[in-house]
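The values are calculated or read from the model by the stated rules, or taken from the named source; none is laboratory data. Just so it is clear, the model here is predicted, and its values are computed rather than measured. No Cβ is skipped: glycine too gets one built from the backbone with ideal geometry, and neighbour counts run over all protein chains shown. Accessible surface areas use protein heavy atoms only, side chains included; no ligands, DNA or RNA. Shrake-Rupley method; radii C 1.70, N 1.55, O 1.52, S 1.80 Å.
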Amino acid sequence: SCNQAIVTRVLNHNQKIPDGNSRHHITNNAFTTNNDTDGTDIVEIEYWGAGGIIENNKITSTRTTTKKRSIAISLAKAKNIKCVGNSIKGLFGYQGIELATCSESNISNNHIEGISNSDANCSCIGVSQAIVGELSTNNIINGNIIVDSKVGIRLGYSKNTTISSNTFDYNYTDIAVDSYGEESIISNNTISYTRDKSIYCFGGDSVVSIN
């Protein structure tokens, strides 16, 4: 249960972050992923639980190929998380920040650059489900800077997501909401030099304004 002990890990660095009873703070770490691990699924920070803060971490990929999926920060089956002020740069083949069955969380003031791959779900910030039928709900994505990537923010299986005051520059697609992204609010974002689509939205009952 999200109200019980938190399970948090930093993977691929032989480091176990101690479990906490209610909250956990993961801050000021610096990780580099390189070609020594090419072909291996990569998750740099993986967080399961409630009430955590992940901030001011610097995660860099120097990989030149992405044979399998890789994620910088994964929030899976998590609730009430603050993921703020992190820097993610380089070739991560799946997502920069993943929200999978994640609720009531704030993803803000992160700088994400260079996330690209042929995977259909590749994005800098991706919101979907970890458990079939359990959506990500009531999340706020605010004040992030997203540069030179395949897709800036992608909403899949989600509901009541707010995307506001983010800056997008030189991405192929800035914001993508598929038909399973319900009741999204997209407002006051700054978008420049888009290479394909600025915003496409197929989600039901969604509002797009002043972008």
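On the protein heavy atoms, probe 1.4 angstrom, tell me the percent of accessible surface of segment 69-211 carried by carbon and sulfur.
Within segment 69-211, the accessible surface is 47 percent carbon and sulfur.
Using the beta-carbon distance between Ser87 and Tyr193 and R0 = 25 Å, what value does 1/(1 + (r/R0)^6) give for FRET efficiency, to the nearest 0.05? All intermediate terms of the calculation are to be shown ahead of the outcome.
Numbers: r = 21 Å, r/R0 = 0.84.
Rounded to the nearest 0.05, the efficiency is 0.75.
Give me the 1.4 Å probe accessible area per residue for segment 134-211, excluding ligands and nucleic acids, in Å².
Numbers: 3510 Å² over 78 residues.
Result: 45 Å² of accessible area for each residue.
Per residue and in cubic angstrom, what volume does the convex hull of the Cα atoms of segment 82-211 have? Provide the component values of the computation, followed by the final result.
Working: hull volume 10.8 nm³, N = 130.
Expressed per residue, the convex hull around the Cα atoms of segment 82-211 is 83 Å³.
Compute the distance in nm between two label points, each set 7 Å from the Cα along the Cα-to-Cβ direction, one at Thr27 and one at Thr64.
3.9
When all protein chains stay in place, what accessible area (Å², nearest 10, 1.4 Å probe) is found for Arg195?
About 80 Å², rounded to the nearest 10.
Can you check what the net charge comes to around Tyr157, using other residues whose Cβ is under 10 Å from the Cβ of Tyr157 (Lys, Arg +1; Asp, Glu -1)? Don't skip to the end; give the middle numbers.
Details: positive: Lys159; negative: Glu134, Asp178, Glu182.
Net local charge, Tyr157 excluded: -2.
Give the accessible area for Lys159 in Å² (nearest 10); use a 1.4 Å probe, count only protein heavy atoms, and leave out ligands, DNA and RNA.
For Lys159, the solvent-accessible surface is approximately 70 Å².
Is there a pair in Lys82/Lys150; Lys77/Lys197; Lys58/Lys150 whose C-alpha atoms are over 27 Å apart, and which pairs would that be?
Details: Lys82/Lys150 24 Å; Lys77/Lys197 30 Å; Lys58/Lys150 20 Å.
Beyond 27 Å between Cα atoms: Lys77/Lys197.
Ordered by residue, what ³J(HN,Hα) values in Hz, to whole numbers, does segment 145-158 give under the Karplus form 6.51 cos²θ - 1.76 cosθ + 1.60, where θ = phi - 60° and Gly and Pro are x?
Once rounded to whole Hz, the list reads 10, 10, 9, 6, 9, 5, 9, x, 10, 10, 9, x, 6, 8.
How would Ser87, Ser179 rank on accessible area, largest to smallest, probe 1.4 Å? Don't jump to the answer; show the numbers that get you there.
Working: Ser87 40, Ser179 75 Å².
Heavy-atom accessible area, descending, gives Ser179, Ser87.
Residues with amide H under 5 Å of Ser184's amide H, sequence separation 5 or more or different chain, H placed in the peptide plane at 1.01 Å from N; which?
Placed amide hydrogens put Asn160, Thr161, Ser206, Val207 under 5 Å from Ser184.
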